[in-house]
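Rule-based calculations on the coordinates, nothing more; no lab input. What you see is a predicted model; the values in this text were computed from it and never measured. So basically every Cβ, Gly included, is an ideal-geometry build from the backbone, and we count neighbours across all protein chains shown.
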Amino acid sequence: MDDTDLDAATQRPARTPRLYDKTRMEAFSDGVFAFAITLLVLDIVIPSGEGDRDLLGAFLEQWPEYVAYVVSFATIGAIWLAHNSISEHLTKVDSTYMRLNLLLLLFVAFTPFPTRFLSQYIQVQNAERVAVTIYGIAFLVLALIVVGLWGYAKRAGLLAKDADDDGEMAANSQRLPQGLIAYPVLIVVGLFWPMVAVFGYLALALYFMMPFRIRRRRARDV
């Protein structure tokens, strides 16, 4: 037996990655999304005042909290829709995908903090730029991880064969990379016009949430 035969005999077979059922991962993920979105509304403090006018004025003065809540709710909702679209087409998941998913949930659960930060400092001169910048970076990280999840699932062969034929998946493959361009632009805009950036984040989230059929119908009409 020559050296080539010895090397072949001692060579170990390549390990195949262990695959897991996706049910528990989906249930855990939905729980974290629901928890984060619930924490957003708990940060809105009930105003105090004496008389109808004082109470109404105090209620209206809290508009930054309402704006931050709506923008964060829409963004988390858009991320959940993209995550759900990917999960629907997963056949199995491997250990790498599960860890990437945990990384996404880490920042989803973190979202109430920059939201609270924004609502408190959006009316404070100079500090509002810092608050809006942190807010935008948090959303950019979420978009990056979702794109990473989708890309890894596709490369690792975790998606069903008919995934590319689904309209929502096709829409996500177009919209998510657009977000990776739009978020940095809005972060820069926020350094000069903070409120413009905040409403830009809202518009971007609503764009992500727009049903694929509506976008396709509008494109056909044009």
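Values computed for the structure shown
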read-out: Linear extension gain, Val141 paired with Leu81, 0.36 nm per residue minus alpha-carbon span; value: 20.0 nm
read-out: Rh (Kirkwood; distinct C-alpha pairs) - segment 116-161, Å; value: 12.6 Å
read-out: Equivalent ellipsoid semi-axes, segment 20-221, via Cα gyration tensor eigenvalues times 5, rooted, Å; value: 33, 19, 16
read-out: Proximal charge balance of Phe117 [Cβ under 15 Å; K/R count +1, D/E count -1]; value: -1
read-out: At R0 = 41 Å, FRET efficiency that the Cβ-Cβ distance of Ile44 and Arg24 yields, to 0.05; value: 0.80
read-out: Convex hull volume of segment 45-114 per residue (C-alpha atoms, cubic angstrom); value: 90 Å³
read-out: Spin-label pair Ser95/Phe35, simplified geometry with 7 Å Cα→Cβ offset, distance in nm; value: 2.4 nm
read-out: Rough spin-label spacing in nm, given labels placed 7 Å along Cα→Cβ, for Gln120 and Leu191; value: 2.5 nm
read-out: Net length gained if the chain between Ala58 and Val70 were fully extended (0.36 nm per residue, minus Cα distance); value: 2.4 nm
